[in-house]
1. Are any residues in region 93-116 outside any helix (DSSP H, G or I), within 18 Å of residue 78 (Cα to Cα) and touching a residue at least 24 places away in the same chain (Cβ under 8 Å), and if so, which ones?
2. Specify the residue that is nearest to the chain's Cα centre (by Cα); the eligible residues are those in region 67-89 that are assigned to a helix (DSSP H, G or I) and surrounded by 12 or more Cβ atoms within 10 Å (Cβ to Cβ).
3. Sort through 52, 120, 16 and tell me the only one that's touching a Lys or Arg at 6+ places or on another chain (Cβ under 8 Å) and either part of a loop (DSSP other than H, G, I, E, B) or at negative phi (or both).
4. For region 19-30, which positions are free of Cβ contacts under 8 Å to residues at least 24 places away in the same chain and either surrounded by fewer than 17 Cβ atoms within 10 Å (Cβ to Cβ) or assigned to a strand (DSSP E or B) (or both)?
5. Six or more apart or on different chains, Cβ atoms under 7 Å: show the pairs whose first residue is in region 1-16 and free of Cβ contacts under 8 Å to residues at least 40 places away in the same chain and whose second is crowded, with 20+ Cβ neighbours inside 10 Å and of a type in the set (D, E, K, R).
Amino acid sequence: MNIAYSIDKALRIVTLSYSGNPNFDEWSNMMIAVFRDPNFEPGFSLLMDRRLVTTSPTTDYIEKIAAFTKARPNELGKCRTAVVVSEMASFGMARMFQALSGDSERTQVFKDFEKAKRWLCFPGTIK
């Protein structure tokens, strides 16, 4: 499996940990599992940790996950999303996701995991 999740109920954060580039079906099935998890509640922030991935996702993949998230406002609620990447091509693709998500204030891209987590926990902080 190229992706797994964990839920920190106290911080209200779902961390998606990538170990490779999942295809869209793998990613969407994992998100459906998150929605069904009894520890998840709409409005929990998403922390997409792609630091271990050395190749960028495809444009098709980014378009599909953006469409998936936009089509599920009831499941996601008013969540914030932080994408953490380790290389520039993935940074650019994450910025594409930010643009396609339609709310750049609620989606940010980071190269530092701790900064991303602080931004999710303290919404007024700057990257």
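1. 102, 106, 107, 108, 109
2. Quick first cut of region 67-89, residues assigned to a helix (DSSP H, G or I) only: 67-70, 73-76, 88-89.
Imposing the further condition that a residue be surrounded by 12 or more Cβ atoms within 10 Å (Cβ to Cβ) reduces the set to 67-70, 75-76, 89.
Details: 67: 13, 68: 12, 69: 10, 70: 13, 75: 14, 76: 11, 89: 17 Å.
Looking at residues that are assigned to a helix (DSSP H, G or I) and surrounded by 12 or more Cβ atoms within 10 Å (Cβ to Cβ), I get 69.
3. Just one listed residue meets the conditions, 120.
4. Residues of region 19-30 that are free of Cβ contacts under 8 Å to residues at least 24 places away in the same chain, as a first pass: 22, 25, 29.
If the condition is that a residue be free of Cβ contacts under 8 Å to residues at least 24 places away in the same chain and either surrounded by fewer than 17 Cβ atoms within 10 Å (Cβ to Cβ) or assigned to a strand (DSSP E or B) (or both), then 25, 29 are the ones that fit.
5. 15/49; 16/49
Every residue, every condition in (1) within 11 Å of the chain's Cα centre (by Cα); (2) part of a helix (DSSP H, G or I); (3) touching a residue at least 24 places away in the same chain (Cβ under 8 Å), yes or no:
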site: 32; (1), (2), (3): no, yes, no
site: 57; (1), (2), (3): no, no, yes
site: 65; (1), (2), (3): yes, yes, yes
site: 91; (1), (2), (3): no, yes, no
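Values quoted throughout were computed directly from the atomic coordinates according to the rules given, and no laboratory measurement underlies them. The structure presented is a predicted model; accordingly, all values stated were derived computationally and were not measured. Backbone-built Cβ (ideal geometry, glycine too); neighbour counts: all protein chains shown.
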